[in-house]
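One structure is given below, encoded as structure tokens.
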Amino acid sequence: MSAPTEEMISVQKLVERLNAEYAFEVDYIGADLGGFSSQNNQLTLKDKRRMVLKRCDQSQWDPRNVDIATILAHHSSLIYAPLATVGGSSTFKFDGWVYAVFPYVDGEKLHQHSLDAETLKSAARALYAFHHIAHFAGSHAAQRPNVSDFEREVTSVLEPTLSLSTDHADIIIRSIEAKRHILHSFSSDLSSINVGASSVIHGDFHNENILYRSDHVVAILDFEMLHWGNVEDDIISFIALGCCNNGFSEENLRMANIFVKEYLSLHGENLDLHTALLRFIHLKSSSLFLQKMLIYTGNMLYAQIIERDNKLFPSIMKKHREISKTLSSL
């Protein structure tokens, strides 16, 4: 019989820690459930119940949002708060990572090509319900990043980039140049953005952060980070990253229109989607989060999304008035 590997020993130690932290016994850590900024695995307990074990970097976990998720979970069947440890905490640290355990929800993530009218309408209703109960957090003054903030970020990223493989370094450098071009070329459009007061929003609402079952949303995922903004910001996020993540074709905009119409039928007020689209472009163009994750993890998933954004965001800037006109005509 071969000796246990370091990975096997580490997993066993994690199981022992879980058994010490929670009022249940873990049988085994199972399938990788996917994830972008965090790692998620199915957790099977001795009594056959299933949970989700989430692992993420300390910088990607905002303790304030745990409190918000807990409050929201009391008002919505679509939001799930982390289980409390025996000591009353929502997380624990192990081997340099932050861990949390969530209830397991039986559902599936739908990719863009799998979205249909019913799933889009269900997503819109779920988002409206979330916004409706998130008002408790009140308003907050949002802050827009500026070009000098971006250049400081670039400085912090370039040095570690030089030690990467040529392929990764080229991807990061091309993306920085693309972002810089957007920020400078459209500075007049972007500087006129009215940020205004904001409240708690999801901040990354799209089909990969939603679980469906029988065409209906059964869970909204990804509450590790605290986001402030306007309801329009979540709508644009779903349109850009859910309906139109491979471009603003007529068919993709048709899907976006179904989603927006359903949301508006519930919201009942005018929405400034053009300004929200500019805010979205500015926020994404000012952020080097993906580039940093590629540097520190080497995960090619980040490289693929960076390459997608290198094409997507310049096309949004070229068409943003046309896109906004189409959405505003609803």
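Sub-8 Å Cβ pairs linking a first residue in the stretch 98-118 that is surrounded by fewer than 13 Cβ atoms within 10 Å (Cβ to Cβ) to a second residue that is hydroxyl-bearing (Ser, Thr, Tyr), at least 6 apart or interchain, are Glu108/Tyr212, ordered by first then second residue.
Scanning the stretch 207-236 for residues that are crowded, with 19+ Cβ neighbours inside 10 Å, of a type in the set (A, V, I, L, M, F, W, C) and within 25 Å of Gly268 (Cβ to Cβ) yields Ile210, Val217, Ile220, Val231, Ile235, Ile236. Return the residue satisfying two criteria in turn: it lies in the stretch 195-249 and is among the charged types (D, E, K, R) and closer than 18 Å to Leu277 by Cα, and of such residues it is modelled with the lowest pLDDT. So, considering only residues that are among the charged types (D, E, K, R) and closer than 18 Å to Leu277 by Cα, the one modelled with the lowest pLDDT is Asp204. Residue pairs whose Cβ atoms lie under 7 Å apart, sitting 6 or more positions apart in sequence or on different chains, and linking a residue in the stretch 41-57 that is closer than 15 Å to Phe92 by Cβ to a partner that is basic (Lys, Arg) and part of a strand (DSSP E or B), are Leu43/Arg50. Any residue that is over 19 Å from Phe36 (Cβ atoms), in contact with a Ser or Thr (Cβ under 8 Å, 6 or more places away or on another chain) and of a type in the set (Phe, Trp, Tyr) - is there at least one of those in the stretch 228-242? Checked against the condition, which is being over 19 Å from Phe36 (Cβ atoms), in contact with a Ser or Thr (Cβ under 8 Å, 6 or more places away or on another chain) and of a type in the set (Phe, Trp, Tyr), the stretch 228-242 yields at least one hit. When Ser285, Ser265 are checked against the criterion of being within 24 Å of Ala123 (Cβ to Cβ) and either among the aromatic types (Phe, Trp, Tyr) or assigned to a helix (DSSP H, G or I) (or both), a single residue qualifies: Ser265.
Number of residues in the stretch 8-40 that are in a strand (DSSP E or B), touching a residue at least 12 places away in the same chain (Cβ under 8 Å), out of contact with any Asp or Glu (no Cβ under 8 Å at 6 or more places or on another chain) and within 27 Å of Leu294 (Cα to Cα) equals 2.
Determine which member of the set Lys292, Lys319 is assigned by TED's automatic domain parsing to the domain that holds Ser249 and modelled with pLDDT of 80 or more. Answer to the check: Lys292.
Against the list (1) closer than 24 Å to His227 by Cα; (2) outside any helix (DSSP H, G or I); (3) touching a residue at least 40 places away in the same chain (Cβ under 8 Å), the condition Asn270 fails is (3). Taking the criterion of being among the hydroxyl-bearing types (Ser, Thr, Tyr) and either surrounded by 15 or more Cβ atoms within 10 Å (Cβ to Cβ) or within 18 Å of Leu183 (Cβ to Cβ) (or both), the residues of the stretch 263-281 that qualify are Tyr263, Thr275.
Leu278 passes every criterion in (1) part of a helix (DSSP H, G or I); (2) closer than 13 Å to Leu127 by Cβ apart from (2). Taking (1) part of a helix (DSSP H, G or I); (2) touching a residue at least 60 places away in the same chain (Cβ under 8 Å) in turn, Ser237 satisfies each apart from (2). Before we move on, is Thr297 closer than 20 Å to Ile235 by Cβ and among the polar types (S, T, N, Q)? For Thr297, the condition - closer than 20 Å to Ile235 by Cβ and among the polar types (S, T, N, Q) - is not met.
The values are calculated or read from the model by the stated rules, or taken from the named source; none is laboratory data. This is a predicted model, so every value here is computed, not measured. Backbone-built Cβ (ideal geometry, glycine too); neighbour counts: all protein chains shown.
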